[in-house]
Amino acid sequence: KQKQVKPYTITARRKNGTLFIAEIEAKDVVHNGEMVRIAAVRDVTEKHELQRTLEISEEIYRTVFENTGTATCIINNEGLIILSNTKFSMLAGLPLEEIINKRKWSDFTHPDDSERMQKQHQLRRNSKNKAQSQYEFRFVDHHKNIKNILVVVDMIPESDNSVTSLLDITSLKQAEELLKENEEKLITQNLELKIAKQEADNNQSNLELFIKKSPIPMVITDFNEKVEYVNDKFIQKFGYTIEDLPSAQIWWELAYPDLEYRLHVQESWNQAIQKAIDTKSDIEMQKWHIYTKDRKKKNCEFYMVPIEDRFLIVIKDITKEIKNKKEL
């Protein structure tokens, strides 16, 4: 009907029995006043095999492209996305048919990053050595969600197209920000702790200096009544140094040589401490006499203050007051 047959292929057999791919094309013409058909037969086996190789290669390429571990797309010179895989579709929040040859790269770029991205796009095509092959930017999907992306991009040889892989690092960036925030808090806390420790050390030094130089005799004991510290005024007033009081028992024997009176004082101490515990109040002031190192009798008032796991005992010598009252 058409007087012509467009090229088509068949499998043909040569005289020697081997097969080949033949391309046949025919046309009706007038020859010597008679309508005849001229048929051309071409051996296209090599072309056919090459075409099949290209198809297989393209199939492999598309399989690799589709199953790569990252969202991947190919962008042409105008910034149009001419090919993308399923992962890119998921990242963008759009089906592939609404992306390929319909969306530009800039459609998914945060406005604040657009100029920088466009500059890299041009450099990659005009001054490839000056373009960055890996950098971060903010990706805006179809639902306006902003994602932090690490992009790796390079040109496809012998073309103006670039292949781009995108890795969503939003969670990583959030973790980095949280880590940075925690590090800043830790630095601040360490600084505050250092300042507080310095202040505490200064306060401790000031307190120790105050106790040491206090005009009132002071003694520090543990909860077992062992003497841990005596200040200068205590040594001056009563003569005992810390070396003279290696144990609580020695202190009691030196200060209260009379056994009966010693037991009375110890019992009074214990009752005062227990009363303070029961009533959650301060330990009441006690009045007793003690003997100094040179065996002089001193009448004293004792004030006990619990500090953590120790007692601070303040001693007021009232010997002269009692003597003056008697004389009066």
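The values are calculated or read from the model by the stated rules, or taken from the named source; none is laboratory data. What you see is a predicted model, and the numbers here were worked out from it, not measured in a lab. Please note: Cβ atoms are built from the backbone with ideal geometry, for glycine as well, and neighbour counts cover all protein chains shown. Heavy atoms of the whole protein, side chains included, go into the accessibility calculation; ligands, DNA and RNA do not. Shrake-Rupley method; radii C 1.70, N 1.55, O 1.52, S 1.80 Å.
Data table
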| quantity | calculated |
| --- | --- |
| Qualifying residue in segment 204-214 (condition: out of contact with any Leu (no Cβ under 6 Å at 6 or more places or on another chain), modelled with pLDDT of 80 or more and β-branched (V, I, T)) | no |
| Of all residues making up segment 277-293, the number that are within 12 Å of M304 (Cβ to Cβ) and open to solvent by 60 Å² or more (accessible area, probe 1.4 Å) | 3 |
| Any hit, segment 95-118, residues being touching a residue at least 40 places away in the same chain (Cβ under 8 Å), within 30 Å of S171 (Cα to Cα), assigned to a loop (DSSP other than H, G, I, E, B) and within 38 Å of the chain's Cα centre (by Cα) | no |
| Qualifying residues in segment 6-19 (those that are within 15 Å of A40 (Cα to Cα) and of a type outside the set (S, T, Y)) - the one surrounded by the most Cβ atoms within 10 Å (Cβ to Cβ) | A12 |
| Matching residues in segment 134-145 - criterion: being open to solvent by 70 Å² or more (accessible area, probe 1.4 Å) and either among the acidic types (D, E) or in a loop (DSSP other than H, G, I, E, B) (or both) | E136, H142, H143, K144, N145 |
| Any chance K27 is open to solvent by 60 Å² or more (accessible area, probe 1.4 Å), assigned to a loop (DSSP other than H, G, I, E, B) and not small (G, A, S) | no |
| Selection count where residues are of a type in the set (D, E, K, R), assigned to a helix (DSSP H, G or I) and in contact with a strand residue (DSSP E or B) (Cβ under 7 Å, 6 or more places away or on another chain), scope segment 156-199 | 1 |
| Candidate set: segment 64-94, residues that are under 36 Å from the mean Cα position of the chain (by Cα) and open to solvent by 50 Å² or more (accessible area, probe 1.4 Å); chosen: the one farthest from F139 (Cα to Cα) | V64 |
| Count of segment 267-276 residues which are surrounded by 14 or more Cβ atoms within 10 Å (Cβ to Cβ) and either over 59 Å from the mean Cα position of the chain (by Cα) or within 20 Å of K297 (Cα to Cα) (or both) | 2 |
| Tally of residues being in contact (Cβ under 8 Å) with a residue 40 or more places away in the chain and at negative phi across segment 230-268 | 5 |
